[in-house]
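J.: What follows is a single structure, and I will ask about it in a moment.
The values are calculated or read from the model by the stated rules, or taken from the named source; none is laboratory data. Quick caveat, the model's predicted, so the values are computed rather than measured. Positions of Cβ are backbone-derived with ideal geometry, glycine not excepted, and every protein chain shown enters the neighbour counts. In case anyone asks, the SASA skips ligands and DNA or RNA and just uses the protein heavy atoms, side chains included. Shrake-Rupley method; radii C 1.70, N 1.55, O 1.52, S 1.80 Å.
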Amino acid sequence: MKYTVEMSYKLNELLERTYDAEKGFKQAADKVDNKTIKQFFLDSHNQRENFGKELKAEIMSFGEQPEDSGSTKGSIHRSWINFKSVFSSNNEEAMLEEVHRGEKEAIETYNDILQDKDFVLPPTTESLLMKHRNAIRNTLETANIFETAVS
């Protein structure tokens, strides 16, 4: 199966978002006091770190060069988290709101790639992306439960 430039671009874009999420979860963990929520953020950070390793390996398996850092948009999002945490009376709720927003965007990105009819993903790539997307859905559901509990 031919690995296209477009596929490389899309997977590298996903890798950048994964780096962004990894950094965002770490930053969120540093901003909250609730031990359970802090651990949730740290676990999510570790999960995204593993996702990044898996995406890099998948990209490299096709002879392409993976991205090595996050996006400008992700840096802006983390700046917003900093700003919001300074002025929020409930850091946990503010951080969980940002997680909710970010996870929904991540799921949309995965769905866009998985449902793109312009090219067929190799089975290994499709399986990997589905595994990641489903784990992100679980993270979103957990974040929603925490958000309801702290609001």
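J.: Among the residues of region 10-43, what is the count of those that are more than 17 Å from Leu128 (Cα to Cα), part of a helix (DSSP H, G or I) and polar (S, T, N, Q)?
T.: 3
J.: Given Ile59, Ile81, which one is modelled with pLDDT under 55 and open to solvent by less than 60 Å² (accessible area, probe 1.4 Å)?
T.: Matching residue, one of Ile59, Ile81: Ile81.
J.: Is it the case, given these coordinates, that Ala29 is surrounded by 13 or more Cβ atoms within 10 Å (Cβ to Cβ), at pLDDT below 85 and under 19 Å from Thr142 (Cα atoms)?
T.: When the stated conditions are applied, Ala29 does not pass them.
J.: Just to be sure I understand, how many residues within region 4-18 are surrounded by 14 or more Cβ atoms within 10 Å (Cβ to Cβ) and either free of Cβ contacts under 8 Å to residues at least 12 places away in the same chain or in contact with a Lys or Arg (Cβ under 8 Å, 6 or more places away or on another chain) (or both)?
T.: So the answer is 2.
J.: Mind telling me which of the residues Asp112, Asp118 ends up being modelled with pLDDT of 90 or more and open to solvent by 50 Å² or more (accessible area, probe 1.4 Å)?
T.: Details: Asp118 fails: modelled with pLDDT of 90 or more.
Exactly one of Asp112, Asp118 is modelled with pLDDT of 90 or more and open to solvent by 50 Å² or more (accessible area, probe 1.4 Å), namely Asp112.
J.: Could you give me the residue pairs with C-beta distances under 8 Å whose first residue belongs to region 42-69 and is over 19 Å from Ser8 (Cα atoms), whose second residue is part of a helix (DSSP H, G or I) and open to solvent by 60 Å² or more (accessible area, probe 1.4 Å) wherever it lies, and which are 6+ apart or on separate chains?
T.: Pairs found: Leu42/Lys26; His45/Lys26.
J.: Determine, yes or no, whether Ser71 is at pLDDT 90 or above, under 13 Å from the mean Cα position of the chain (by Cα), open to solvent by less than 60 Å² (accessible area, probe 1.4 Å) and hydroxyl-bearing (Ser, Thr, Tyr).
T.: Considered against the rule, which asks whether it is at pLDDT 90 or above, under 13 Å from the mean Cα position of the chain (by Cα), open to solvent by less than 60 Å² (accessible area, probe 1.4 Å) and hydroxyl-bearing (Ser, Thr, Tyr), Ser71 comes out as no.
J.: Restricting the search to region 17-36, which residues are more than 23 Å from Asp112 (Cβ to Cβ) and either basic (Lys, Arg) or within 17 Å of the chain's Cα centre (by Cα) (or both)?
T.: Within region 17-36, the subset more than 23 Å from Asp112 (Cβ to Cβ) is 26-36.
Lys26, Gln27, Ala28, Ala29, Lys31, Lys35, listed by residue number.
J.: State which residue is farthest from Glu16 (Cα to Cα) when the search covers only region 112-125 and only residues that are in contact with a helix residue (DSSP H, G or I) (Cβ under 7 Å, 6 or more places away or on another chain) and in a helix (DSSP H, G or I).
T.: Thr124
J.: Only one residue in Arg137, Arg101 is more than 26 Å from Ser8 (Cβ to Cβ), without any contact (Cβ under 8 Å) to a residue 60 or more places away in the chain and basic (Lys, Arg), so which one is that?
T.: Every option except Arg101 fails the conditions.
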